[in-house]
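Down below is the structure, laid out as structure tokens.
The values are calculated or read from the model by the stated rules, or taken from the named source; none is laboratory data. Since we're looking at a predicted model, the values are computed, not measured. Heads up, the Cβs are rebuilt from the backbone with ideal geometry, glycines too, and the neighbour counts pull from every protein chain shown.
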Amino acid sequence: MICRKNGSLLKCLTRVGPRNKWDISIPVGVSYQVPTIPIVIDGRLNLGLTDIFKKDVLESGQKNCQNVVFQLTVGYKFKL
């Protein structure tokens, strides 16, 4: 989670209150298949577009947070 105002991860992790039940994000990634062996390497970054906390519980001056997720996958490709 990243806060929009100052990028403080700690403030988002320690904040309490009702959270939204859904999230919309933009996935950006790259995949590579090793040519000599059937290994696939994939990296993906999901950038959250929606706010985590509900707006009616934020105090004056507080900024909302958004999810940011990085995924790394290493896989074996089977012949079918």
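Scanning the stretch 24-40 for residues that are assigned to a strand (DSSP E or B) and more than 16 Å from the chain's Cα centre (by Cα) gives 31, 32, 33, 39, 40. For residue 11, the criteria (1) modelled with pLDDT under 65; (2) under 16 Å from the mean Cα position of the chain (by Cα); (3) not in a loop (DSSP other than H, G, I, E, B) hold in every case but one, which is (2). Within the stretch 15-30, can one find any residue that is at pLDDT below 75 and surrounded by 13 or more Cβ atoms within 10 Å (Cβ to Cβ)? Yes, that holds for at least one residue.
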